[in-house]
Amino acid sequence: MFHRISRRRAEQEFAEIRRQHAEFLARVAGEPLHHAQPADPPAPPAEPGAVVDDFLPPELRVPSHDQVDGRAMPWAWPVVLDGEMVACAVCGTYRDWLVLSTRDQIWLRCRAGHQQHEPRLDTAWYNRHAGPADATHATFEECLRHLGH
């Protein structure tokens, strides 16, 4: 019984929508289309304006990815790849890394300053885990100081 009531209600709503649509089409059919009217002829080109370098002042500009040699982020936890914990090849440290992304390669740097290339990590992994850059540095040493290494 309730099925018949809800079905009848839906049919009535649909009939009302069809009626409103038919009224709309009848109204539109009698009106001219606004975009069919001929447009005004184009205005002659204005004199070129002054060329502006950029809207941001230089101190607020962020270098693009092709203007930096690499990026770095601290990684305090162990790096586990393929079920194996990555350790420094020289001193055996397995946590408190500095992860470096440069030239589509990922390098791990331990607190003691030993660096090793990690081929199992890629730039996509770095981009997924890195937060926004909070600073840019002119030299690698300045970056190390900034990150506390």
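Annotations
- Only one of 50, 26 that is more than 30 Å from residue 133 (Cβ to Cβ), of a type in the set (Gly, Ala, Ser) and modelled with pLDDT under 80: 50
- Under the condition of being under 24 Å from the mean Cα position of the chain (by Cα) and assigned to a loop (DSSP other than H, G, I, E, B), the residues counted in segment 112-146 number 11.
- Residue 121 meets each of the listed conditions (1) over 30 Å from residue 60 (Cβ atoms); (2) exposed (fewer than 15 other Cβ atoms within 10 Å of the Cβ) apart from (2).
- Here residue 90 meets each of (1) at pLDDT below 90; (2) in a loop (DSSP other than H, G, I, E, B); (3) among the β-branched types (Val, Ile, Thr) with one exception, condition (1).
- Scanning segment 56-91 for residues that are farther than 22 Å from residue 132 by Cα and either outside the structural domain of residue 139 (by TED's automatic domain parsing) or surrounded by 10 or more Cβ atoms within 10 Å (Cβ to Cβ) (or both) returns 80, 81, 85, 86, 87, 88, 89, 90, 91.
- Residues being among the β-branched types (Val, Ile, Thr), touching an Asp or Glu at 6+ places or on another chain (Cβ under 7 Å) and within 20 Å of residue 144 (Cα to Cα) - total across segment 83-122: 2
The values are calculated or read from the model by the stated rules, or taken from the named source; none is laboratory data. This one's a predicted model, so the numbers in the text were calculated from it and none came from an experiment. Note that each Cβ is placed from the backbone with ideal geometry, even for glycine, and that neighbours are counted across all protein chains shown.
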